[in-house]
Amino acid sequence: MSQHSHVHRSSISQHSRSASRIMNDADDLADADLIKQLNDLKQQIRILRLENEILERTIMRLEPSLMHGIQQALEYAAKMQSTSSLNVGSFVKSQTSRFGTESVTSPSRMLTSPSKVSTRKAESIAKFSGTVVFGSGARINVLERSELVSTEMEILINNLERARNKAAKQHALLKAQLEEIGVREVEIQKSSELFQKEVIEEGWDKIAQRIPAEIWIRFMTEWVKAIDGQIGKLRLRTSTLNTQYSKLKGQIKVKAELSESLRPVDFQKLRIENDECQEIIETKLVQLAELKKMTGDANLNLTIHKKAMIEQNGYLANVVKSIKDKQKMTVELDKERDAIQVQADNLAQKLDTVKKIRAAFEVPDIMDYVNIKSEVSDLKYSIKLLENRVHIQQISLSSLNRKLNLIHSS
């Protein structure tokens with residue numbers, strides 16, 4: 001606290017001397033130089049205000065009771081300011097017109113209005129002239145100021161980070177509440193539309209000119225059942241989330257306890273375990289590469305066998321197709337054989353009839369005999385052809401049956 005008061009007194013005395021020098025040389029300076037000095041003084045006042053604010057923050061953080069002496073000193077300086085306000089007032093009045101004219105010509109260099117500049121100038125000079133009683137003392141060097149500023153900046157950054165985290169949590173909470181309200185709004189709208197459709201529009205009795213109570217009760221019962229189902233699902237989900245939250249909370253607590261009880265030996269042990277795990281991982285990677293190689297060979301063999309199997313399946317499909325075709329041909333041949341047998345029976349009956357007729361005539365005609373003989377020879381030839389055809393078909397059928405038996409046996 002004493003160091004701070006010395007610094008404050010030294011800075012004030014220095015600026016009071018510079019202000020007195022400016023008051024004495026004000027008539028000899030030009031307007032541009034005077035405004036430049038005024039801007040420099042305003043910059044110095046701004047810097048001093050920031051330094052005072054940082055010092056006040058530091059004192060209030062470390063020892064708030066020390067601020068009582070500072071407040072008393074400021075009150076005493078305010079009292080002393082009134083005694084020197086008359087001298088300062090004359091200087092301010094004499095320079096007001098110059099400040100106003102220069103502010104109009106160069107507004108970019110003036111940060112405030114002429115009246116405010118004059119007032120601040122008067123206040124700063126009054127403070128400087130009224131605080132000579134503090135004397136001079138030791139000043140805070142640049143390193144100490146930098147340390148104070150760095151400390152205050154760290155505190156402000158930490159406070160800002162805490163406020164940011166709090167705002168993020170609040171934002172997440174509000175976002176979740178908005179989502180919940182949106183879901184509720186959608187559910188209410190759906191329920192309202194369903195009620196409007198099923199009860200008011202479809203449930204209106206045109207004869208009685210009213211809505212029957214049964215429709216209303218049935219709608220409410222079904223709606224309550226649906227809501228109970230949704231509540232059950234939400235309870236189950238909430239229970240699951242609570243379980244997960246408890247589990248994660250326990251894990252965080254265990255990790256926090258472990259982090260407090262960890263020693264360098266634990267890190268060395270963990271490093272050794274990590275090295276062992278790394279060796280195991282490398283071994284497993286080598287095994288994985290070998291397994292990939294074996295898998296590639298197996299896939300190659302599988303592809304070859306698959307190709308052979310596809311060819312065998314194609315050959316088998318062709319064989320089955322040929323068997324079915326042969327069976328169809330056999331059925332057709334059986335039908336043709338039956339038809340030929342019927343024709344042969346008819347021809348045999350005709351032959352018997354002819355034989356009977358021939359037996360009835362003792363001396364048949366030669367031409368009739370020749371014709372009958374020719375017909376008989378033709379019939380025999382036809383019968384022989386049919387027998388040969390049937391024999392050939394039987395041979396082909398027996399060959400196909402043998403092939404089919406060989407395929408089934410293989």
How much length is gained if the chain between S399 and A348 is pulled fully straight, taking 0.36 nm per residue apart and subtracting their Cα-Cα distance, in nm to one decimal?
15.1 nm
Residues of the range 45-78 with amide N under 18 Å of a point placed 7 Å along Cα→Cβ from T151:
50-68, 70
Holding the Cα-Cα limit at 23 Å, pick out from K321/K384; K355/K380; K306/K403; K175/K225; K335/K384; K350/K380 the pairs that are longer than that.
K321/K384; K306/K403; K175/K225
Sorted peptide list for 200-209, 143-152, criterion being average Cβ within 10 angstrom, highest first:
143-152, 200-209
Express the Stokes-Einstein translational diffusion coefficient of the range 215-278 in µm² s⁻¹, to the nearest whole number, given a Kirkwood radius over alpha-carbon pairs, 37 °C and a viscosity of 0.692 mPa s.
202
What net charge is computed for the residues neighbouring K197, neighbours being all others with C-beta under 15 Å from the C-beta of K197, Lys and Arg scored +1, Asp and Glu -1?
-3
Take the eigenvalues of the Cα gyration tensor for the range 191-242, scale each by 5, and report the square roots as semi-axes in whole Å, largest first.
34, 10, 5
Would you kindly calculate the translational diffusion coefficient of the range 367-409, applying Stokes-Einstein with the Kirkwood radius from alpha carbon pairs, for 10 °C and a viscosity of 1.306 mPa s, and quote it in µm² s⁻¹ without decimals?
124
Here the range 263-271 yields Karplus 3J(HN,Hα) values (6.51, -1.76, 1.60; θ = phi - 60°; whole Hz; Gly and Pro given as x) of 10, x, 5, 5, 5, 5, 4, 5, 5
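Local charge sum around R263 (other residues, Cβ-Cβ under 14 Å, Lys/Arg +1, Asp/Glu -1)?
Values: positive: K269, R271; negative: E257, E260, D266.
Taking every Cβ under 14 Å from that of R263, the sum is -1.
How much accessible area per residue does the range 205-262 have, in Å², with a 1.4 Å probe?
Working: 5270 Å² over 58 residues.
For the range 205-262, the solvent-accessible area averages 91 Å² per residue.
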Counting only heavy atoms of protein chains, what accessible area per residue, in Å², does the range 367-409 have with a probe of 1.4 Å?
84
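The values are calculated or read from the model by the stated rules, or taken from the named source; none is laboratory data. Everything quoted here is computed from the prediction, not taken from an experiment. Note that we place each Cβ from the backbone using ideal geometry, even for glycine, and neighbour counts take in every protein chain shown. With ligands, DNA and RNA removed, areas are computed over all heavy atoms of the protein, side chains included. Shrake-Rupley method; radii C 1.70, N 1.55, O 1.52, S 1.80 Å.
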